[in-house]
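Below: one structure, written as structure tokens.
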Amino acid sequence: MSAVSDSAEDPQASPVVEPASRRPEFLRTEDWWSIWLGGAVLLIALAATWLSRPANQPELLAKYAELTQQLDDQQAAPESGDVKAIAALKKERAQVRDALAKNPLQNWVTKLGSWESDPLKAFVDKKGRSILPGLAGTFVICALLFSLGAAGMGESVPRFLAAFAPVFLLAVLAYVLAGQKVIKHYNLEYALWAILVGLIISNTLGTPKFLLPAVRTEFYIKTGLVLLGAEILFSKLLSLGLPGIFVSWVCTPIVLISTFIFGQKVLKMSSPSLNMVISADMSVCGVSAAIATGAACRAKREELSLAIALSLGFTVIMMIVMPAFIRMVGMDEVLAGAWLGGTIDSTGAVAAAGGMLGETALTVAATVKMIQNILIGVVAFGVSVYWIGWVERTPDAPRVGLSEIWRRFPKFMLGFIAASLVFSFVSASGVTGEATTSAVLSGTTETLRGWLFCLAFVSIGLETNFRQLTPYFHGGKPLILYVCGQTLNLVLTLAMAWLMFVKVFPHAADALRQ
């Protein structure tokens, strides 16, 4: 597995059977293959769902329109109508919308269940049925996808498959550990357990060499990020309008740039790439931003591991402490949701923390985080330009041109952006498009993305040795950087959310409260 410090465009980043010059760039690198593989999954799932539309769709559309009219009438009634009736109408309308599109592939991938005292319960769904067929389907799909990528890049497919099976089993183990009810209650997600499982192996027995062909951190997570793009819908951005944009798109770059300058000028961190990865991880959206900026600034594998470890640790703390503080001071749910969404790194932890406060806080928090996630591509591009033009440029060297910026730009972000555009268009095409998008995401891609991220976290653990991390902890500077940057993030985001949602646009989220 190539370290993050290796350029995604470097033919030595992954062993190839034939000289790299004989393969065009779009068939030679993980960045491009992550686009082809992620794009294929999205298009296949979208086509299968669209072609499987029910025969009674006209009747369902008529019923949906009828329920929408009834709902509008209820909400227009004095004092917002009958609250119970409104809730019942919303539930019935959602059921009709879901019936408009069925994903025939939804049983091909599966999540593991929760358990209390018997881990085997993780392999049974809520109805008592075995999920092993879906688990086998997940393995086959992942193995097939990345075997195609390995073959396309000229690598040995048999070696990859022999290594992939045990790596996948380690990911299954991580999901089983995360599914234990007490652990799940504290939202200690699969990412933490996946990294720990890998770390235990790499720092005790050592990572066996035969596993290395399937230890592909960047390949898994880049493909997962392409799938994530389909979940970033521009309709979410419009649902909160200017207040959500200000909280997500104004605070985030200010915090990122300020934290990076603080690390370089005040803490005088020896590694600018570590400084940048931590700054982006903390200010944008955790692991996803760390991977994107790590590729743009050629961060070392150990630097990426350290940034992710800090992110996971503080995410757990913030997810527990922030809702408790919010309840203690009696903060409004909309303001609280915007604060949570703009500061907690992980999307899953944002949803969990918002859910502790109520449906309105959950909706606002998740929406703000989604708006913030759109910045992943912008930040990756900006870091690429800055790194080439300033950080790596010597005084006597000429400024680099656009060709070098393009060479260094993390190409997988193009797939992320394309997926977002396509699914935003489909979702905005009407209630059928909205139902189709929901069926594709909930039935296939969200679950598969979770598995790809889990495989990436296992790989990070298998690649990381604590002895290699020791030099980066010198003087505690990474920890100081994260704490100071997150403190600025908390204060600035709360101030911006209060200004936008309380003072300037007090009615912006009224619809979300209903």
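No lab work stands behind these numbers, since they all come straight from the coordinates. Treat the numbers as computed from the prediction; the structure is a model and nothing was measured. Because the Cβ atoms are built from the backbone with ideal geometry, glycine has one as well, and the counts that use them run over all protein chains shown.
Quick one: Cα centre-to-centre distance for region 435-476 and region 112-181, in angstrom? Result: 14 Å between the Cα centres. Only Lys, Arg, Asp and Glu carry charge here, each on its Cβ (+1 for the first two, -1 for the last two); on that basis the chain has a dipole of about 620 debye about its Cα centre.
Protection proxy ranking for 123-131, 364-372, 149-157, 197-205, using the average of other Cβ atoms within 10 Å per residue and placing the highest first: 364-372, 149-157, 197-205, 123-131. Taking every DSSP helix (H) stretch of at least 4 residues in the chain, weighting each as -39,500 (n - 2.57) and dividing the sum by the residue count yields a mean residue ellipticity at 222 nm of -21500 deg cm²/dmol.
Over region 418-458, the alpha carbon radius of gyration divided by the compact-protein estimate 2.2 N^0.38 Å works out to 1.37. Shown for the chain are the DSSP H helices of 27 Å or more along their axis, judged by Cα atoms, with a mean Kyte-Doolittle hydropathy of at least -1.0: 30-51, 57-76, 132-152, 157-178, 301-329, 477-498. The alpha-carbon of residue 300 sits under 28 angstrom from the alpha-carbons of these lysines, leaving out residues fewer than 8 places away in its chain: 209, 222, 265, 268, 369, 411, 477.
According to the Kirkwood expression over distinct Cα-Cα pairs, how big is the hydrodynamic radius of the chain, in Å? Evaluated on the chain, it is 23.9 Å.
The alpha carbons of region 104-240 stretch over 43, 42, 30 Å along the principal axes, in descending order. Per-peptide packing, taken as the mean over residues of other Cβ atoms within 10 Å, places 380-392, 177-189, 345-357, 405-417 in the sequence 345-357, 405-417, 380-392, 177-189 from highest down. Computed from the C-beta positions of residue 480 and residue 392 and an R0 of 25 Å, the FRET efficiency is 0.50 to the nearest 0.05.
Each residue of region 215-258 gets 81 Å³ once the volume of the Cα convex hull is shared out per residue. Cross-link partners of residue 111 among lysines, defined as those whose alpha carbon lies under 19 angstrom from its own and excluding same-chain residues fewer than eight positions apart: 102, 121, 126, 127, 181, 184.
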